[in-house]
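Computed from the coordinates by the stated procedures, all read-outs in this text should not be read as laboratory data. The structure displayed is predicted, hence computed values, not measured ones. A quick note on method: Cβ atoms are made from the backbone with ideal geometry, for glycine too, and the neighbour counts reach across all protein chains shown.
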Amino acid sequence: MKFGIFVYPDVEPVDLATFGVLSMARRAYPDIQIHTIAPTKGEVLLANGLRVIAEYGVDDAPAFDVIVVTGGAGWKEQVKNPATLAFLKARSRDTVMTSVCTGGMILAAAGVLNGKQATTKCEVIPPEISPLLQMKEQYKDISTVHTSVVDQQTVVTGGGVTLCIDVMLHLLKTRISPEVANETARIIEYSRAWQANKAALPPIES
């Protein structure tokens with residue numbers, strides 16, 4: 001299964017746990033492929049100085065089974081980036097589109113979440129406004145919900161920050177197998193946290 005992790009300037013580095021979970025999952029399921037995509041391929045400056053190299057840009061990215069849009073303060077620029085929005089909208093026709101944290105705001109701006117249930121980052125430090133509340137107020141065609149994961153089959157959205165780990169484990173469980181997901185959770189020492197998060201913020205599937 002081929003995953004594309006979409007990054008952009010000012011992504012929060014913690015959201016690179018999306019890549020990290022898949023990297024560890026390859027120990028249990030080596031057929032996973034992981035690639036990075038950005039609006040423009042090459043060096044991308046994330047929040048607080050971390051630099052990553054995106055393997056592909058939106059103009060040369062190959063086909064993926066799943067594209068994961070990461071979150072961070074840079075989402076506010078990406079929702080105004082025509083190339084990013086056009087890329088995500090086009091890929092949504094034949095790819096499982098996934099967001100973690102405020103990546104959901106970018107999928108919303110691209111029209112990928114219209115008519116669907118979705119979640120995004122909820123908790124913030126005042127006076128910042130909760131992205132989940134912003135999504136609810138700005139996108140009336142989206143049914144927002146505060147939870148860890150919302151799986152609408154072709155679109156999967158996740159809650160904020162470290163819940164990106166739960167989103168990736170959910171994808172492993174539902175798109176590969178429960179055994180691969182459980183083994184990955186075990187070896188990243190996250191099994192109890194995953195179960196606790198599912199109990200507190202139950203995933204929604206339809």
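For segment 135-164, which positions are more than 23 Å from Ser206 (Cβ to Cβ) and crowded, with 17+ Cβ neighbours inside 10 Å?
Val161, the sole residue that qualifies.
Pick out the one residue from Val69, Val79 that is within 16 Å of the chain's Cα centre (by Cα) and closer than 17 Å to Leu171 by Cβ.
Val69
Does any residue in segment 61-83 that is within 15 Å of Val7 (Cβ to Cβ) come within less than 8 Å, Cβ to Cβ, of a residue that is part of a loop (DSSP other than H, G, I, E, B) and of a type in the set (Lys, Arg) six or more places away or on a different chain, and which pairs are these?
Cβ pairs passing all conditions: Gly71/Lys121.
When you scan segment 165-174, how many residues do you find that are surrounded by 18 or more Cβ atoms within 10 Å (Cβ to Cβ), farther than 12 Å from Pro202 by Cα and over 10 Å from the mean Cα position of the chain (by Cα)?
Summing the residues that are surrounded by 18 or more Cβ atoms within 10 Å (Cβ to Cβ), farther than 12 Å from Pro202 by Cα and over 10 Å from the mean Cα position of the chain (by Cα) in segment 165-174 gives 4.
Does Ile5 satisfy the criteria of being in contact (Cβ under 8 Å) with a residue 12 or more places away in the chain, crowded, with 21+ Cβ neighbours inside 10 Å, in contact with a His (Cβ under 9 Å, 6 or more places away or on another chain) and within 22 Å of Thr162 (Cβ to Cβ)?
yes
Scan segment 40-59 for residues that are crowded, with 20+ Cβ neighbours inside 10 Å and either farther than 27 Å from Lys173 by Cα or in contact with a helix residue (DSSP H, G or I) (Cβ under 8 Å, 6 or more places away or on another chain) (or both) and jot them down.
Matches in segment 40-59: Val44, Leu46, Val58.
Checking Glu189 against (1) under 21 Å from Ile32 (Cβ atoms); (2) without any contact (Cβ under 8 Å) to a residue 40 or more places away in the chain; (3) part of a helix (DSSP H, G or I), only one condition comes out false. Which one?
(3)
Take Lys2 and decide whether it is of a type in the set (Lys, Arg) and over 28 Å from Val180 (Cβ atoms).
No, not satisfied.
If you go through segment 145-159 one residue at a time, do you hit one that is at negative phi, without any contact (Cβ under 8 Å) to a residue 60 or more places away in the chain, of a type in the set (A, V, I, L, M) and touching a Leu at 6+ places or on another chain (Cβ under 8 Å)?
The answer is yes; a qualifying residue exists.
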